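Single-structure report; data block below.
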Protein chains: 2
Amino acid sequence: MAKQYLIDSLASNFEIDADATGVLEDVEMTPKRLLKGQSLFRTGDVVTNLFCVAEGWMTAAAELEDGERQLLNFHVPIDLAGLEFLSESKATSTMTAFENSLIYLIPVSQFLSGLQRSPRASLSLLNVLGRRYITMQDRICVFAHGDAKAKIAYLLLGLRSKQLRNKFKNPNVLRLPLTQPDIADALGLSPVTVSREFTKLTKAGFVEYNRNEITIKDVSALEACVTPIITQDKHADEFG
Amino acid sequence: MAKQYLIDSLASNFEIDADATGVLEDVEMTPKRLLKGQSLFRTGDVVTNLFCVAEGWMTAAAELEDGERQLLNFHVPIDLAGLEFLSESKATSTMTAFENSLIYLIPVSQFLSGLQRSPRASLSLLNVLGRRYITMQDRICVFAHGDAKAKIAYLLLGLRSKQLRNKFKNPNVLRLPLTQPDIADALGLSPVTVSREFTKLTKAGFVEYNRNEITIKDVSALEACVTPIITQDKHADEFG
DNA sequence: CGAATTCTTGATAGCCCTCAAGATACGTGG
DNA sequence: CCACGTATCTTGAGGGCTATCAAGAATTCG
């Protein structure tokens, strides 16, 4: 059954031990398919479901007042997403399918009562959110002090880490149809700058860029781009 | 007794209801005084205590490789700090007293076992961490898309919100001996730029800057500096 | 095939950093 | 109380990085 598979995957990815995952066993997980570009919820909507990504990519984005947007997160299989809306039922970002995706909806109410019954699961989630907070601090450092090259390297390494954790076959090939305008939206750069930086990175042999498929050729070279900002041992952090 | 006062304050500040605060009643809180500039722990240290700020200001900073630093957080009375180290016992930032401070140390182990006994406290903490995560997303937006003026306005409004929540008498007077180099470190700007922006903000009548005491004269004008980045209703978010 | 989007490349402009020098304030010791 | 050193603040000049504007090539999609 799909649900048991998801639970097992979540257990390994979030270091929720077998006992703690009991929290998910009594909740109903409703499958939902989203087409590319379709939104699960928008800023201001009331969010009543967490969700688990089974196939595809989901992305969280903030819509800025001047028409720009800030991509905040990338959710791949098997990610549990929406934890930040346990407290705020009103969405502060828009959750959109980046490509055709299959997700499983988890009602917040059921999830919460599951947590009430399982103190160990609550602690695991506290750990997850604590780590995410630390990751966000690193991201602040990169956005505050890094140049365009450092930001792009940080993004690519973060996506690679995410694929690595979720056991993608070749983590160096980013299986995400990211256009350069998308990358620009994620990093607060202009598409033109992204293009220029990628030609430089390609000429240097650090990456290969083939429209919608980015291949990391030299991980340590990319790490060297970020090292002036954050220390080496933090490069395993995921983006989003 | 000091401890009961702290517990009550934490209860109101973190929306931890009276029942849930039972988590703190069985833990020992050890008072510790720190002189200005003294560090509680440094990056890489093993953190075995959360702490609650009773007097003064504490600040968390990341030390970057090129000798710069990124100020990440400001902790005022009555803040509970160090929650992100429930998962990572190794500190990822350095916690320093910004002025002479009195804090109460709370052993992580005792706090965790308290959480095990109190599911509602765990949920409250999940809410707190969830909100902090959302706040960090806003900060990402400002750092990625904002200019120097927007960043400074965002910082000032965030510090004001913090004083407001913690019931300082006049929240518009920032009671934090922040030098311009400090502000530069918090925002990834150069001290020179901070100085120029403050002279502009002063001439415009938005703030008053008197060496170590910043007074916000026009809240809505500052909000207007940030509004192009994040929407109006998010300005209540705290910095840090 | 045609329209829209994406990608590339060049030229220009603006913001912020760096360097530098002088002024002001703070703390310490005499 | 004063002198001194240190740190902070201000202001100017110059330079680098990235945004913007623009135009053309390549790709995708209907």
**Study point:** Subset tally (residues that are within 9 Å of chain B (Cβ to nearest Cβ) and more than 30 Å from B:Val226 (Cβ to Cβ)) for the range A:69-99
**Key:** 0
**Study point:** Failed criterion for A:Gly44 (all others in (1) under 24 Å from A:Gln163 (Cα atoms); (2) touching a residue at least 40 places away in the same chain (Cβ under 8 Å) hold)
**Key:** (1)
Check your understanding: Which residues, taken from the range A:100-124, are facing chain B (nearest Cβ under 10 Å), touching an Asp or Glu at 6+ places or on another chain (Cβ under 7 Å) and among the polar types (S, T, N, Q)?
Key -> A:Ser124
**Study point:** Failed item in (1) surrounded by fewer than 21 Cβ atoms within 10 Å (Cβ to Cβ); (2) in the same structural domain as A:Leu187 (by TED's automatic domain parsing), with A:Ile152 passing the rest
**Key:** (1)
Exercise for review: Could you identify the single residue in B:Ser118, B:Ser124, B:Ser113, B:Ser109 that is closer than 26 Å to B:Pro31 by Cα and touching a Pro at 6+ places or on another chain (Cβ under 9 Å)?
Suggested key: B:Ser118
Point to revise | Test result for A:Tyr104, in the same structural domain as A:Thr43 (by TED's automatic domain parsing), modelled with pLDDT of 90 or more and touching a Cys at 6+ places or on another chain (Cβ under 9 Å) | key: yes
Check your understanding: From the set of residues in the range A:12-31 that are surrounded by 15 or more Cβ atoms within 10 Å (Cβ to Cβ) and modelled with pLDDT of 70 or more, which is farthest from A:Ser124 (Cα to Cα)?
Key -> A:Met29
Check your understanding: Between a first residue in the range A:49-68 that is more than 14 Å from every other protein chain (Cβ to nearest Cβ) and a second residue that is buried (at least 22 other Cβ atoms within 10 Å of the Cβ) and aromatic (Phe, Trp, Tyr), which pairs have beta carbons less than 7 Å apart while being 6 or more apart in sequence or on different chains?
Key -> A:Trp57/A:Phe74
Check your understanding: Would you pick out the residues in the range A:56-76 that are modelled with pLDDT under 90 and either loosely packed, with under 15 Cβ neighbours inside 10 Å or touching a Ser or Thr at 6+ places or on another chain (Cβ under 6 Å) (or both)?
Key -> A:Glu65, A:Asp66, A:Gly67
Check your understanding: Do we find that A:Ser87 is in contact with a helix residue (DSSP H, G or I) (Cβ under 8 Å, 6 or more places away or on another chain), outside the structural domain of A:Arg160 (by TED's automatic domain parsing) and under 15 Å from A:Asn49 (Cα atoms) in this structure?
Key -> yes
Practice item. Using the structure shown, decide if B:Ile140 is assigned to a helix (DSSP H, G or I), within 8 Å of another protein chain (Cβ to nearest Cβ) and at negative phi. Key: yes
Exercise for review: Tell me, please, whether a residue that is over 17 Å from the mean Cα position of the chain (by Cα) and at positive phi can be found in the range B:50-59.
Suggested key: no
Review point. Hey, does the range B:161-175 have a residue that's under 21 Å from B:Thr231 (Cβ atoms), assigned by TED's automatic domain parsing to the domain that holds B:Thr227 and hydrophobic (A, V, I, L, M, F, W, C)?
Key: yes
Practice item. Just need a number here: residues in the range B:192-212 that are away from every other protein chain (no Cβ under 14 Å) and either more than 10 Å from DNA strand D (Cβ to nearest atom) or not charged (D, E, K, R) (or both). Key: 14
Review point. Quick one: is B:Arg132 within 9 Å of chain A (Cβ to nearest Cβ), surrounded by 19 or more Cβ atoms within 10 Å (Cβ to Cβ) and either basic (Lys, Arg) or in a helix (DSSP H, G or I) (or both)?
Key: yes
Revision key, fill the gap. Residues of the range A:94-118 being touching a Ser or Thr at 6+ places or on another chain (Cβ under 6 Å) and either among the acidic types (Asp, Glu) or outside any helix (DSSP H, G or I) (or both), in sequence order, are A:Thr94, A:Thr96, A:Phe98, A:Leu105
Check your understanding: How many residues are away from DNA strand C (no atom under 16 Å from the Cβ) and without any contact (Cβ under 8 Å) to a residue 24 or more places away in the chain when one looks only at the range B:135-149?
Key -> 3
**Study point:** Failed condition for A:Ile106, given (1) farther than 24 Å from A:Glu55 by Cα; (2) touching a residue at least 60 places away in the same chain (Cβ under 8 Å)
**Key:** (1)
Practice item. Restricting attention to the range B:77-107, report how many residues are among the charged types (D, E, K, R) and crowded, with 24+ Cβ neighbours inside 10 Å. Key: 2
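The values are calculated or read from the model by the stated rules, or taken from the named source; none is laboratory data. From a predicted model like this one, the values you see are computed outputs, not experimental measurements. Positions of Cβ are backbone-derived with ideal geometry, glycine not excepted, and every protein chain shown enters the neighbour counts.
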